[in-house]
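Report on the following structure.
The values are calculated or read from the model by the stated rules, or taken from the named source; none is laboratory data. Quantities reported herein were computed from a predicted structural model and do not represent experimental measurements. Cβ coordinates were reconstructed from backbone atoms using ideal geometry, including for glycine residues, and neighbour counts include every protein chain displayed. Each accessible area value is taken on the protein alone, full model and side chains, heavy atoms only, with ligands, DNA and RNA left out. Shrake-Rupley method; radii C 1.70, N 1.55, O 1.52, S 1.80 Å.
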Amino acid sequence: MSTVNLPSGYILIEGYPAVEDYMHLRRASGLTPVNAQQAGAAVSGAWYGCYVAEAALPTRPVAMGRIIGDGGWYFIIADMAVLPEHQRRGLGDAILKALMERIRTHAAKGDAYVTLFADIPGRRLYEKNGFKEAMPREMGMDIVLKDVGTSGE
Ligand SMILES: CC(C)(COP(=O)(O)OP(=O)(O)OC[C@H]1O[C@@H](n2cnc3c(N)ncnc32)[C@H](O)[C@@H]1OP(=O)(O)O)[C@@H](O)C(=O)NCCC(=O)NCCS
């Protein structure tokens, strides 16, 4: 793990929160809630992830982030979430730095293209870590496909 500065009392753990914890982190931090099937795929389908817990309670994640990527050159930062009572203590910054460090040390040799969609609460954090608005060079676009997929049964 990289040399990431965490406030005292917290530990940084490589990997992903359990499905229930992932769902709670998203809901409690104000991100769009997802169902258990979506959460299961999310926590098993990323390129890299890490989370923060209190040292005294290491099985209960209070913050997380992950990277969806191909390991070659294309990486998307996703699920940056810190429980409200643990925000503004540097946890989001520590997680983002750990994610970026992982790309620096484990991506294929060459330039890495790292993108994210920044909700308002995260914008300053991303800017401080070197992200720049892509417009007008490029315009981020998205679409939500309503009610896709099957229950998997
Ligand atoms: C966005 C988010 C992940 C940031 O996490 P965080 O842990 O609060 O972020 P940090 O503490 O590292 O930095 C946030 C601010 O706290 C400040 N800060 C850091 N340590 C601090 C401390 N000990 N005391 C006071 N402020 C502190 C930082 O300087 C920063 O200030 P600024 O934004 O005014 O420049 C978190 O607020 C969150 O989960 N928000 C809701 C979900 C969300 O919108 N996620 C982003 C999706 S794109």
- Residue set M100, M139, M64, M80; condition over 24 Å from G30 (Cα atoms), hydrophobic (A, V, I, L, M, F, W, C) and modelled with pLDDT of 95 or more; output residue M139
- Item | Per-region count, segment 102-111, residues touching a residue at least 12 places away in the same chain (Cβ under 8 Å) and either within 12 Å of the ligand (Cβ to nearest atom) or surrounded by fewer than 17 Cβ atoms within 10 Å (Cβ to Cβ) (or both) | 5
- Kindly indicate whether A46 is part of a loop (DSSP other than H, G, I, E, B), over 17 Å from I11 (Cα atoms) and touching a residue at least 24 places away in the same chain (Cβ under 8 Å). yes
- Message: Exactly one of these conditions fails for G72: (1) touching a strand residue (DSSP E or B) at 6+ places or on another chain (Cβ under 8 Å); (2) outside any strand (DSSP E or B). Give me its number.
- Response: (1)
- Query: Residues in segment 83-101: is at least one more than 13 Å from the ligand (Cβ to nearest atom), part of a helix (DSSP H, G or I) and either open to solvent by 70 Å² or more (accessible area, probe 1.4 Å) or on the phi > 0 side of the Ramachandran plot (or both)?
  - Reply: no
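A quick yes/no check of all residues on (1) within 19 Å of D21 (Cβ to Cβ); (2) basic (K, R):
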position	(1), (2)
A63	yes, no
D79	yes, no
G110	no, no
Y113	no, no
L116	no, no
D119	no, no
K128	no, yes
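Could you please give the count of residues in segment 35-51 that are closer than 10 Å to I67 by Cα and open to solvent by less than 40 Å² (accessible area, probe 1.4 Å)?
The number of residues fulfilling the criteria is 4.
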- Note on the structure: Per the filter on segment 57-76, residues hydrophobic (A, V, I, L, M, F, W, C) and either touching a Ser or Thr at 6+ places or on another chain (Cβ under 7 Å) or open to solvent by 10 Å² or more (accessible area, probe 1.4 Å) (or both) are L57, I68, W73, I76
- Task: State yes or no: is R123 without any contact (Cβ under 8 Å) to a residue 12 or more places away in the chain, loosely packed, with under 14 Cβ neighbours inside 10 Å and within 26 Å of H24 (Cα to Cα)?
- Result: yes
